[in-house]
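So the structure is just underneath, and the comments pick up after that.
What follows draws every value from the coordinates through simple rules; no lab data is involved. Just so it is clear, the model here is predicted, and its values are computed rather than measured. As a convention, Cβ positions derive from the backbone with ideal geometry for all residues, glycine included, and neighbour counts pool all protein chains shown.
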Amino acid sequence: MNRAFAIACFAVAVVCHASAQSERLPRSSTAALTHVRVIDGTGTPEIDDQTIVIDNGRIRAVGPSATARVPAGADIRDLRGRTVMPGLVGMHEHLFYQLEPPGSGAYAVLAQTAFAKLYLAAGVTTIRTAGTVDFDGDARLKKRIDEGVVPGPKVHLTSPYLQGTTPQPDPEGIARIVERYADSGATSFKAHTVLRAAELKAVITAAHNRGLHVTGHLCAVGFREAAALGIDNIEHGLPFDTDLYSGKERDQCPNQSAVFMEINRLDVGDSAIREVIGDLVRHGVAVTSTLAVLESYTGDQSFDPRIRPMLAPRLRDT
């Protein structure tokens, strides 16, 4: 399936679930999706029996099927009973997953091509990779999607996780890493837990000098300090804000369990939390909530049975 049709059908819509019709290759760069219900994403009511004309990956016309003009030679697909809606944009997506087998520590499993198809099948047409363990592999996948070789969402590449790795902060060294990945196609950078304030500032400065953005799963630096330094985005939300932890020491990442336990006792209306939110708003810092991750801390042990068949057999028990 070429990229133009993937964006217009597989991705823009939840119309193309598996069927003989939706799996066949398009015959033309122009396509018409006929007799569909359209939800345009503006909040207006859905409209039934519409025809959507797509040319070279762009929607050119939407209107009633009874009066729609379909270009000669278009690949026409009767999709009555289906619904078309704008594609979803995922701001914290990965192309790998992590396992933690008992006694062996965590390790990452690469799944770039498979994940790209799963995102697209779920209606996610644009993703930000929000940190990677294989930047070159992510970049190769993006290139193949852009070239129409494999189906997948539009991919915005994020750098590998940026950490403080030296005994003393090394802002110059971390800035060089930013430059290297910017040259390789990264459009955002992921500050991670033990990155210290001087290094975070260096990342932000280097990225902003290239017109690029910085997000962070923070710990050594709290949210308010990161906002003052100029960070664009913060991942995971308030339970990860070490500024709210009474035992926080500058440039040190405290025990995460202790942080969670203390923050859990706060009320969302407490002055400390309102001050954090106020600072983030004043500095224009976005927060990616990642509610699916936070759900794993609720103690709910239920498991969606649809996940197991998607895993490689050797990984299912783990």
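Quick one: which residue in PRO167, PRO160 is surrounded by fewer than 21 Cβ atoms within 10 Å (Cβ to Cβ) and within 22 Å of the chain's Cα centre (by Cα)?
Among PRO167, PRO160, only PRO160 is surrounded by fewer than 21 Cβ atoms within 10 Å (Cβ to Cβ) and within 22 Å of the chain's Cα centre (by Cα).
Could you give me the residue pairs with C-beta distances under 7 Å whose first residue belongs to the range 31-44 and is touching a residue at least 12 places away in the same chain (Cβ under 8 Å), whose second residue is surrounded by 10 or more Cβ atoms within 10 Å (Cβ to Cβ) and among the acidic types (Asp, Glu) wherever it lies, and which are 6+ apart or on separate chains?
Matching pairs, first to second residue: ALA31/ASP75; THR34/ASP78; HIS35/ASP49; HIS35/ASP78; ARG37/GLU46; ARG37/ASP48; VAL38/GLU46; ILE39/GLU46.
Report whether or not GLY185 is in contact (Cβ under 8 Å) with a residue 40 or more places away in the chain, in a loop (DSSP other than H, G, I, E, B), out of contact with any strand residue (DSSP E or B) (no Cβ under 8 Å at 6 or more places or on another chain) and over 23 Å from GLU249 (Cβ atoms).
Here the answer is yes, as GLY185 does meet what is asked.
Do we have any residue at all in the range 149-158 that's farther than 23 Å from HIS92 by Cα, of a type in the set (S, T, N, Q) and out of contact with any helix residue (DSSP H, G or I) (no Cβ under 8 Å at 6 or more places or on another chain)?
no
Looking only at the range 203-231, which residues are buried (at least 24 other Cβ atoms within 10 Å of the Cβ), of a type in the set (Gly, Ala, Ser) and more than 22 Å from the chain's Cα centre (by Cα)?
ALA220
Can you list residue pairs whose Cβ atoms sit under 6 Å apart, with the first residue in the range 288-317 being in contact (Cβ under 8 Å) with a residue 24 or more places away in the chain and surrounded by 10 or more Cβ atoms within 10 Å (Cβ to Cβ) and the second being small (Gly, Ala, Ser) and assigned to a loop (DSSP other than H, G, I, E, B)? Count only pairs 6 or more apart in sequence or on different chains.
SER289/GLY237
What pairs come up if the first residue lies in the range 253-281 and is touching a residue at least 24 places away in the same chain (Cβ under 8 Å) and surrounded by fewer than 16 Cβ atoms within 10 Å (Cβ to Cβ), the second is aromatic (Phe, Trp, Tyr) and assigned to a helix (DSSP H, G or I), and their beta carbons are under 9 Å apart, counting only those six or more places apart or on different chains?
GLN256/PHE240; PHE260/PHE240
I'm told GLY152 meets every condition in (1) in contact (Cβ under 8 Å) with a residue 12 or more places away in the chain; (2) assigned to a strand (DSSP E or B) except one. Can you identify the failing condition by its number?
With (1) in contact (Cβ under 8 Å) with a residue 12 or more places away in the chain; (2) assigned to a strand (DSSP E or B) applied to GLY152, the lone miss is (2).
Return the residues of the range 79-96 that are touching a helix residue (DSSP H, G or I) at 6+ places or on another chain (Cβ under 8 Å) and in a strand (DSSP E or B); say none if nothing qualifies.
GLY90, PHE96
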